[in-house]
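See below for the structure under consideration.
The values are calculated or read from the model by the stated rules, or taken from the named source; none is laboratory data. Small disclaimer: the values here were computed from a predicted structure and weren't measured. Ideal geometry is used to build each Cβ from the backbone, glycine not excepted, and the neighbour counts take in all protein chains shown.
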Amino acid sequence: MAAVNDPWMQIVVNIGIGAFSHPMGYVKTLIQLGYEPLPPRLGRNAFFRECYQLPGFLPYARHIYSVEGFSGLYRGFFPALCQNFISGAVLRSVSEKMDELFPVVDESEKKALAKKRPELASVSFHTFMLQMSKDSVAHLCAVVVSQPFNVIMIRSMAQFIGKETKYSGWISPYFEVYNDSGIRGLFTGLAPRLLLDLMTLWLARTMYYSFNRLVVDENMTNVSELRSYANIITGFLASMLTYPFSLISSNYIVNNSGLLAGTAPYVPVYMNWVDCWRDLRNRGLLKRGSSLFFRRYNAKMVVFQPEPVTPLD
């Protein structure tokens, strides 16, 4: 148990989980970019109504496997590994430093915070805001420091669309970005990713805190189970509300990068991430890629048209 509770061991566990889920994140990124290599088929949605649907995660992953083999499912894995490790380490270090600089004075609230988010409702509003402010600084630092790895990860994945090799390799992609766009290029898409992280943090924890303060009573039975469910639900709702920032960040990172996936006439060249937001919003595409299952076919969401014949036919 001690090993699991160790902060650095927790980072290793998170990296392992990231490795297991990487193919799913890879498929999601390609869908966010509008790449649909497989044709839609007649099927039924979650309400059992007939409609044309695009293949979900498993057929999509099988297609990638048929083209590039098992290793093809792990495009962008090394920068993703670096991103997870560095962001986790920075988040942990900055959080500890912020706790040293701005400690919570009340001993009972210290014990509550030591149990992490499920007990966040036990603290006063002042302590809640203090803790949220400290966590925001830690998250901001983690996102900024890890952004260059996020840029290379997304562009490495996007290369599958045009079968390019521009951002392949362990070190050379970073020099490629620097030579093309300077140091700013390594932080492309930072603003929407920061908004995604911070808004998700504040929305989820504020909803959780408010629910527990207004609805939950300490005398109720199964309070801990109720708080656990509230923890999951508020996190899910916050992720749904902030999803467009993930979509915008991925698209803007690839845009005008020299890859087919970010080049006209397939996609317009955006002046900034707000321009990207407006374009996708006006076309009703801000939810593209939000689901990997039960994906209803919408021609407007497809940038790269499906091939009429695929290895899965």
Failed condition for Ala191, given (1) crowded, with 18+ Cβ neighbours inside 10 Å; (2) assigned to a helix (DSSP H, G or I); (3) within 21 Å of the chain's Cα centre (by Cα): (1)
Single match in Leu259, Leu226 (criterion: over 14 Å from the mean Cα position of the chain (by Cα), closer than 22 Å to Tyr26 by Cβ and not aromatic (Phe, Trp, Tyr)): Leu259
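Return yes or no: is Leu214 of a type outside the set (Gly, Ala, Ser) and modelled with pLDDT under 95?
Yes, satisfied.
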Selection within region 30-54 - hydrophobic (A, V, I, L, M, F, W, C), buried (at least 17 other Cβ atoms within 10 Å of the Cβ) and not in a strand (DSSP E or B): Leu30, Ile31, Leu33, Leu38
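Look through Ser136, Ser124, Ser108 and report the one residue that is modelled with pLDDT of 95 or more, small (Gly, Ala, Ser) and surrounded by fewer than 16 Cβ atoms within 10 Å (Cβ to Cβ). If you could, list the steps in order and put the result at the bottom.
Values: Ser124 fails: modelled with pLDDT of 95 or more; Ser108 fails: modelled with pLDDT of 95 or more.
Answer to the check: Ser136.
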Failed criterion for Leu58 (all others in (1) assigned to a helix (DSSP H, G or I); (2) buried (at least 16 other Cβ atoms within 10 Å of the Cβ) hold): (2)
Residue among Ile171, Ile152 that alone is of a type in the set (A, V, I, L, M), within 30 Å of Phe70 (Cβ to Cβ) and at pLDDT 95 or above: Ile152
Number of the exception - Gly262 against (1) at pLDDT 90 or above; (2) touching an Asp or Glu at 6+ places or on another chain (Cβ under 9 Å); (3) of a type outside the set (S, T, N, Q); (4) over 20 Å from Leu196 (Cα atoms): (2)
Top-ranked residue in region 64-106 [being in contact (Cβ under 8 Å) with a residue 24 or more places away in the chain and among the hydroxyl-bearing types (Ser, Thr, Tyr); ranked as farthest from Gly25 (Cα to Cα)]: Ser95
Among (1) surrounded by fewer than 14 Cβ atoms within 10 Å (Cβ to Cβ); (2) touching a residue at least 12 places away in the same chain (Cβ under 8 Å) - the single one Val254 does not satisfy: (1)
Qualifying residue in region 241-248 (condition: in contact with a Phe, Trp or Tyr (Cβ under 6 Å, 6 or more places away or on another chain), at pLDDT 90 or above, of a type in the set (Val, Ile, Thr) and not in a loop (DSSP other than H, G, I, E, B)): yes
Qualifying residue in region 47-58 (condition: polar (S, T, N, Q), within 26 Å of Pro265 (Cα to Cα) and at pLDDT 80 or above): yes
Subset of region 231-242 that is in contact (Cβ under 8 Å) with a residue 24 or more places away in the chain and surrounded by fewer than 19 Cβ atoms within 10 Å (Cβ to Cβ) - its residue that is nearest to Gln147 (Cα to Cα): Ser239
So Val216, is it part of a helix (DSSP H, G or I), in contact with a helix residue (DSSP H, G or I) (Cβ under 8 Å, 6 or more places away or on another chain) and in contact (Cβ under 8 Å) with a residue 24 or more places away in the chain: no
Region 154-172 - residue that is farther than 9 Å from Ala261 by Cβ and aromatic (Phe, Trp, Tyr) and, of those, surrounded by the most Cβ atoms within 10 Å (Cβ to Cβ): Tyr167
